[in-house]
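The values are calculated or read from the model by the stated rules, or taken from the named source; none is laboratory data. Quantities reported herein were computed from a predicted structural model and do not represent experimental measurements. Cβ placement follows ideal geometry from the backbone for every residue including glycine, while neighbour counts extend to all protein chains displayed.
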Amino acid sequence: MTQFRARNWCIGLPLCTVLALLTYGNMPNGLKGKHVFVTGGARGIGRAIADAFGRESAILSLADCHAQNLDFAVRELRAAGSAAHAQVLDVTDCDAVSAAVDEAERRRAGAQRAGA
């Protein structure tokens, strides 16, 4: 179990867990256009989760400590038509996780402003 702090709260989560922190509101259109933060997104279960959300047209922020695998995963997701962003991240570093979530939130907010 990994602990991290973001926005004045602390969550314990196993690796390869989807953080739907950025998925707001009701989902009448499924996950289309919703922002999803996936830890361990470069390989294994995390990658499978990212693939599944990508097929549902979610906007993905993939985080993983393996930069090369992460870049490969993001390239493949984009080639399949998904909106995906890479964030190299060690989930055992609370400050780094908080910064990564903040960056993903800024990206979400920027996308909302651009779409308005």
> Just a yes or no: is a residue in the stretch 2-21 at pLDDT below 80, surrounded by fewer than 19 Cβ atoms within 10 Å (Cβ to Cβ) and assigned to a helix (DSSP H, G or I)?
Replying inline: yes
>> Anything in the stretch 29-47 that is of a type in the set (A, V, I, L, M, F, W, C) and either within 15 Å of Ala100 (Cβ to Cβ) or at pLDDT 90 or above (or both)? List them, or say none.
In response: Val36, Phe37, Val38, Ala42
>> Pull out all pairs, ordered by first then second residue, where Cβ-Cβ is under 9 Å, the residues are six or more apart or on different chains, the first lies in the stretch 87-111 and is under 18 Å from Gln68 (Cβ atoms) and touching a residue at least 40 places away in the same chain (Cβ under 8 Å), and the second is part of a helix (DSSP H, G or I) and aromatic (Phe, Trp, Tyr).
In response: none
> Which ones in the stretch 55-81 are in contact with a helix residue (DSSP H, G or I) (Cβ under 8 Å, 6 or more places away or on another chain), in a loop (DSSP other than H, G, I, E, B) and crowded, with 20+ Cβ neighbours inside 10 Å?
Replying inline: none
> Which of (1) in contact with a Lys or Arg (Cβ under 8 Å, 6 or more places away or on another chain); (2) within 14 Å of Val36 (Cβ to Cβ) does Val74 not meet, given it meets every other one?
Replying inline: (1)
>> Looking at (1) over 15 Å from Ala104 (Cα atoms); (2) in a strand (DSSP E or B); (3) of a type outside the set (Phe, Trp, Tyr), which one does Ile45 not meet, given that it meets all the others?
In response: (2)
>> Suppose we filter Ala100, Ala111, Ala52 for residues that are touching a strand residue (DSSP E or B) at 6+ places or on another chain (Cβ under 8 Å), assigned to a helix (DSSP H, G or I), at pLDDT below 90 and surrounded by fewer than 23 Cβ atoms within 10 Å (Cβ to Cβ); which single one remains?
In response: Ala111
